[in-house]
Amino acid sequence: MILLYLRIMIPESAAPSTDVALAEIIEPGALMPADGGDPWPPLVALWLDSGFAAKTREAYGRGVAEWTRACAGWDVHPLAARRQHLDRWARELEAAGQASTTIARKLSSVASVYSYAVDEGVITASPAARVRRPKTGDRHQAPGMSLDEARRFLAAAAADGPRTEALMGLLLRNGLRVSEAIGLDVTDLDTERGHRIIRMVGKGAKAAVIVLAPTTGHALDVYLDGRADGPLFATSTGRRLDRPAVWRKVRQLGRRAGLPQTRLSPHSMRATAITLLLDAGASLRDAQDFARHADPRTTRGYDRARGNLDRHGTYALSAFLGE
């Protein structure tokens, strides 16, 4: 299963060059594939199957697949790569406009697979050991929307149809991650004490109860039209909606809402949800629970009003003192 997944993530057309003799790269005595083939794909497959949660495995797999394609473009085998190659990759990702948090996550995934290779005695040292990762700061970098823009975006989603309205409602009103939303099944829908809810397992394998806004619940009812099983969000053929399709729809809706200048992504919906909740005056604790963040500092990164001198604690304390 993992090998099949890896072949999908790293197609043969992107396989790295093996002009350099693999015997010169790999440590003597290291296990080689029985057929004498490239050891990189099975190594990555074993690493992916070494205990990661499903969503972490998916994200790390994408990062390493992208790194493998970069190596193929340079005609460098991943096991022969050096620190300068990773530095170059990081610069290229930055030049492509990727956020520092995204770049840091991709470098972490590549560093992890190389650490695994060192532990297994395949190579003696990791080329990623001393690679400088970008500073991510304490503010979230995903482009979000203002209140007016969010309203226009949701109106565009409603005009597109009930499936789109329901999906974008979960992303923007509930702040779900795209992998969480498209991974839902109809049987995850439930009710509790009069609330329409979704029971799901989120990031970090943590169970979560998601409360549906009435608008989202109604859109789901119209879209499902009595369907009681299968993926919550399905294509016309019944297959589960995939991540690229959601990306395309978000960009399309952004243009329809008159936001062509905004580089929206599915995660922009989550960033907007958390930011607008804080703008609405929700406490940091409630926003953290809403976002399902383990660390409140992560939630604070979405607070656009941080540094607003009108909210400085000195004024509140002075008023409390009666001054």
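The values are calculated or read from the model by the stated rules, or taken from the named source; none is laboratory data. These figures come from a predicted structure and were not determined experimentally. Methodologically, a virtual Cβ is constructed for each residue, glycine included, from the backbone with ideal geometry; neighbour enumeration extends over all protein chains shown.
Give R91, R105, R82, R57 a once-over and let me know the one that is at pLDDT 85 or above and within 30 Å of K249 (Cβ to Cβ).
On the way: R91 fails: within 30 Å of K249 (Cβ to Cβ); R82 fails: within 30 Å of K249 (Cβ to Cβ); R57 fails: at pLDDT 85 or above.
That would be R105, the only listed residue that is at pLDDT 85 or above and within 30 Å of K249 (Cβ to Cβ).
For region 216-229, give me the residue count where each residue is touching a helix residue (DSSP H, G or I) at 6+ places or on another chain (Cβ under 6 Å) and surrounded by 14 or more Cβ atoms within 10 Å (Cβ to Cβ).
4
Looking at (1) surrounded by fewer than 16 Cβ atoms within 10 Å (Cβ to Cβ); (2) touching a residue at least 40 places away in the same chain (Cβ under 8 Å); (3) under 19 Å from L154 (Cα atoms), which one does D188 not meet, given that it meets all the others?
Just one mismatch for D188, condition (3).
Taking the condition aliphatic (A, V, I, L, M), at pLDDT 90 or above and within 17 Å of H77 (Cα to Cα), does V122 pass?
Values: aliphatic (A, V, I, L, M): yes; at pLDDT 90 or above: no; within 17 Å of H77 (Cα to Cα): yes.
Answer is no for this residue.
Mind counting the residues in region 143-160 that are crowded, with 21+ Cβ neighbours inside 10 Å and not in a helix (DSSP H, G or I)?
2
Out of A45, A72, which single residue is farther than 30 Å from G202 by Cβ, of a type in the set (G, A, S) and either at pLDDT 90 or above or assigned to a helix (DSSP H, G or I) (or both)? So that I can check it myself, show each step before the final result.
On the way: A45 fails: farther than 30 Å from G202 by Cβ.
Only one candidate qualifies: A72.
Taking strands (runs of 3 or more DSSP E) that fall entirely within region 161-263, which contain at least 1 residues that are under 20 Å from K55 (Cα atoms)?
Values: elements: 189-192, 195-201, 207-211.
By residue number, 195-201, 207-211.
Can you tell me which condition P244 does not meet? The list is (1) surrounded by 14 or more Cβ atoms within 10 Å (Cβ to Cβ); (2) out of contact with any Phe, Trp or Tyr (no Cβ under 9 Å at 6 or more places or on another chain), and all the others hold.
The failed condition is (1).
Yes or no: region 78-86 includes at least one residue that is closer than 28 Å to S268 by Cβ, basic (K, R) and in a helix (DSSP H, G or I).
No: region 78-86 contains no residue that is closer than 28 Å to S268 by Cβ, basic (K, R) and in a helix (DSSP H, G or I).
For region 191-211, give me each residue that is under 22 Å from L224 (Cα atoms), among the basic types (K, R) and touching a residue at least 12 places away in the same chain (Cβ under 8 Å).
Of everything in region 191-211, just one residue is under 22 Å from L224 (Cα atoms), among the basic types (K, R) and touching a residue at least 12 places away in the same chain (Cβ under 8 Å), namely R196.
Quick test for you: out of G202, G169, pick the one residue that is within 21 Å of the chain's Cα centre (by Cα), of a type in the set (G, A, S) and under 18 Å from A59 (Cα atoms). Write out each step before concluding.
Details: G169 fails: under 18 Å from A59 (Cα atoms).
Criteria check complete, one pass: G202.
Looking at region 278-302 only, could you name the residues that are buried (at least 16 other Cβ atoms within 10 Å of the Cβ), in contact (Cβ under 8 Å) with a residue 60 or more places away in the chain and either among the hydrophobic types (A, V, I, L, M, F, W, C) or part of a helix (DSSP H, G or I) (or both)?
Passing the criteria: F290, A291, R300.
Please go through (1) modelled with pLDDT of 80 or more; (2) over 19 Å from R151 (Cα atoms); (3) not β-branched (V, I, T) for Q252 and return the number of the only condition it doesn't satisfy.
(2)
Considering each of G175, G169 in turn, give the residue that is at pLDDT below 90 and surrounded by 20 or more Cβ atoms within 10 Å (Cβ to Cβ).
Answer to the selection: G175.
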